[in-house]
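Visitor: Attaching a single structure in structure tokens format; questions to follow.
The values are calculated or read from the model by the stated rules, or taken from the named source; none is laboratory data. Note that this is a predicted model, so its numbers are computed, not measured. As a convention, Cβ positions derive from the backbone with ideal geometry for all residues, glycine included, and neighbour counts pool all protein chains shown.
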Amino acid sequence: MDTVVIKLAVGLGLQNFIGWFAPVFLGMMNVVPALLVLFFYTDKSQTYNEYMSEKDSGKKPPDLQYDFIVVGGGSAGSVVARRLSKHFKVLLLERGGEPNPLTVVPGMESAMLSKPEVDYRYLTVPQNTSCLACNNRQSLWNSGFGLGGSSIINAMVYIRGHPFDYDLWSYFTNDERWKYKNLLPYFMRSEGYCDNCEHTKGIIPSVNPKFHNIEGELPVRPPPISPMVPEFLEALEWASVSKGDVNAPYYKPIADVTSYSQKFGRRVTTYNAFIDTILDKRPTLNVVKYARVIRVIFEPGTTTAIGVKYERFGKIEVAKASKEVILSAGAIATPKILLLSGVGPEAELKQLKIPVRANLPVGRNLQDHVGTFVGPFLIDKPISILPERDLNDDAVYQFLKNGTGPFTVTFARGVSLWTSTRALGAGEGEWPDIQAGMSSNGISQNFDQVLSELYNLRADIMKEFIDPVKGKDAFSFIVDYSRPRSRGVLKLASANYVDEPLIDPRYYGDAEQEDIRVTVEAIQRALYIGENAPAYKRLGAKLSPIPFPPCKHILFRSTEYWECVARQYTLTLHHFCGTTSMGPVDSPHAVVDSELRVIGTKRLRVIDASIMPFIVSVNTNAATLMIGERGADFVIKSWSIEYLPENEPYKK
């Protein structure tokens, strides 16, 4: 596999970035970590040399007075910086650096995750009702480190969610502008939808042009190949889950091939789509890498934000904003910055001797989707992706030359949305509350190690579970209850900005135990489909006979067994949100108002996934992009700027 990775790296031109280190990696074993380290430190060294050259030159330092400061160059921050810099002078501060060229390879997703050069690798506090098979009962939260944020390492899934997800936001905030029908133009503004564009002449219009734009900056499309997706869709149809457009309104269970943010088979990050394409021709936008924001600076004696303090290469710097400071650092970093700035629960801030600016529930309402793998289902036909067999020289050629082949897909290949008996009983049959994805990865020789590294699972448990089925073709489902009741909390570990926050998701901790019941129901339904649908029977699909080791004392396949699996084999879907919740100004649960302004302050906003009062019932990246668009629009309108075409919501 190392030689395959080296050929990919050379084909992507990585040697042009790391210069004289190239002969080193050409002779290395376990080459991925080495390539990540070499690129990271080459980029950081070059940036440091430029920084010191400016300092030592005696020249006047660059103007650090901007109209707006945007903190975080991830999914929302990239959108906000692009839209605002059309009219204003914008400083974008990003803690990481350039994304490694290898991150453009979707099939390298699992090799990128959990590597410190591209991933923050947050660990939660030990859990009591979940994550019991994790080391020290701690869930590992992957979060992208670098320009593009988590879009550099995620599964590239683009799915908007159900209309009721957003109508609930509107109801909670008392603001009609957050209704789905009013948000649709903001979803469509960024979207560049196309199906198989690179391999046909011209653009194939969307099958549903009322709900898709073909001209937005972010390319969205089905992947070039879809291994085992036809069988998945046929099986779901058998189970009364029909194929349809999951990015249009739906009011019954639905399934489809996963849409990716991708072009010519390669990952397209939000930084690629929104910032990199304009940086050289937009002098009003300044992107500063390796800048770790510590806190917001307020005008003395007031709650008016005037800038930020940040650390860069060991030096503390200050940048000023004449109009607003906008936090787009994500659901973990944004609340941390607010808390260090004195915006948060008064008692906790006083305990850490942080002066209180605003007493708000920052860090509360933490939400995530959590589930587990159902599988592996072993099959007797060689149609899954087995790395040792399928990720070879031919696959490298297909990817580099044609934008096709197994390197063009992440683990997420099919998506389906179901309705639980809980939802049906509550009269919510039109609002699916279970998400089930399908992965057609076979069981590689290092599959146990991969899972252990990605999810902080105990290596001994995963080895016992996976060893007997290594080398076999297979597929798996990953299921979750997509409208969970559990709420977690994020707090500061100390008043020192270098200490990462304490993250307590409290999975399956809701008093009614609704989350675990629905999750077990989803597991059992996925098991039934995987073994009984004619499409899967033709493949000889059977659940692996190996019980999950910590649960082997319980009757295999019983309801109690599956609850044990869910609590032991607990997997985050990396959909963190809600920690600076949007709501009415007088709500005890709200941190920002419905225009995303931090309550009790002036000229300070949050525009990222942390403002979600309720998690959407699907993957969160598309919703985060929309929040970026909607938030940028609030800002532009509040400063009375006449619209230019780029700032108009999409109109057909």
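Visitor: If you go through region 435-447 one residue at a time, do you hit one that is touching a residue at least 24 places away in the same chain (Cβ under 8 Å), touching a Leu at 6+ places or on another chain (Cβ under 6 Å) and not acidic (Asp, Glu)?
Guide: Looking for residues that are touching a residue at least 24 places away in the same chain (Cβ under 8 Å), touching a Leu at 6+ places or on another chain (Cβ under 6 Å) and not acidic (Asp, Glu), one finds at least one in region 435-447, hence yes.
Visitor: What do you reckon, is Glu234 over 17 Å from Val157 (Cα atoms) and either in contact with an Asp or Glu (Cβ under 9 Å, 6 or more places away or on another chain) or of a type outside the set (S, T, N, Q) (or both)?
Guide: So Glu234 fits the description; yes.
Visitor: Enumerate the pairs (first residue in region 178-190 and under 14 Å from Glu217 (Cα atoms); second residue anywhere and β-branched (Val, Ile, Thr) and modelled with pLDDT of 95 or more) with beta-carbon separation below 8 Å, excluding pairs fewer than 6 apart on the same chain, so at least 6 apart or on different chains.
Guide: Note: pairs meeting the criteria are Ser190/Val79.
Visitor: Same structure, new question: Only one of (1) at pLDDT 65 or above; (2) among the small types (Gly, Ala, Ser); (3) farther than 27 Å from Pro387 by Cα is not met by Gly107, so which one is it?
Guide: All conditions pass for Gly107, except number (3).
Visitor: Among the residues of region 567-586, which ones are part of a loop (DSSP other than H, G, I, E, B), touching a residue at least 12 places away in the same chain (Cβ under 8 Å) and either over 30 Å from Asn456 (Cβ atoms) or out of contact with any strand residue (DSSP E or B) (no Cβ under 7 Å at 6 or more places or on another chain) (or both)?
Guide: Scanning region 567-586 gives His575, Ser581, Gly583, Pro584, Val585.
Visitor: Hey, another quick one. State all residues of region 308-337 that are touching a residue at least 40 places away in the same chain (Cβ under 8 Å) and at positive phi; if no residue qualifies, say none.
Guide: Phe313, Gly330
Visitor: In this structure, is Phe274 surrounded by fewer than 16 Cβ atoms within 10 Å (Cβ to Cβ) and assigned by TED's automatic domain parsing to the domain that holds Leu625?
Guide: No: the conditions fail for Phe274.
Visitor: I'd like to verify a number: residues in region 364-399 that are part of a loop (DSSP other than H, G, I, E, B) and among the basic types (Lys, Arg), how many?
Guide: 2
Visitor: Scan region 404-416 and tell me whether some residue there is without any contact (Cβ under 8 Å) to a residue 40 or more places away in the chain, of a type outside the set (S, T, N, Q) and in a helix (DSSP H, G or I).
Guide: For region 404-416, residues without any contact (Cβ under 8 Å) to a residue 40 or more places away in the chain, of a type outside the set (S, T, N, Q) and in a helix (DSSP H, G or I): absent.
Visitor: Could you please give the count of residues in region 390-427 that are more than 27 Å from the chain's Cα centre (by Cα) and modelled with pLDDT of 95 or more?
Guide: The number of residues fulfilling the criteria is 6.
Visitor: So which strands (runs of 3 or more DSSP E) are wholly in region 241-329 and hold at least 2 residues that are of a type in the set (Asp, Glu)?
Guide: Qualifying strands (runs of 3 or more DSSP E): 315-327.
Visitor: So which residues in region 483-523 are among the polar types (S, T, N, Q) and surrounded by 16 or more Cβ atoms within 10 Å (Cβ to Cβ), if there are any at all?
Guide: Ser486, Thr519
Visitor: Here is a follow-up. List the helices (runs of 4 or more DSSP H) inside region 417-496, counting only whole elements, that have at least 3 residues being of a type outside the set (Phe, Trp, Tyr), in the same structural domain as Lys537 (by TED's automatic domain parsing) and under 30 Å from Pro116 (Cβ atoms).
Guide: 447-455, 459-466
Visitor: Of these, Val598, Val606, Val618, Val591, which one is surrounded by 24 or more Cβ atoms within 10 Å (Cβ to Cβ), touching a Ser or Thr at 6+ places or on another chain (Cβ under 8 Å) and more than 16 Å from Ala76 (Cβ to Cβ)?
Guide: Checking each option against the conditions leaves just Val618.
Visitor: When you scan region 305-330, how many residues do you find that are of a type in the set (Gly, Ala, Ser) and out of contact with any Gly (no Cβ under 7 Å at 6 or more places or on another chain)?
Guide: 4
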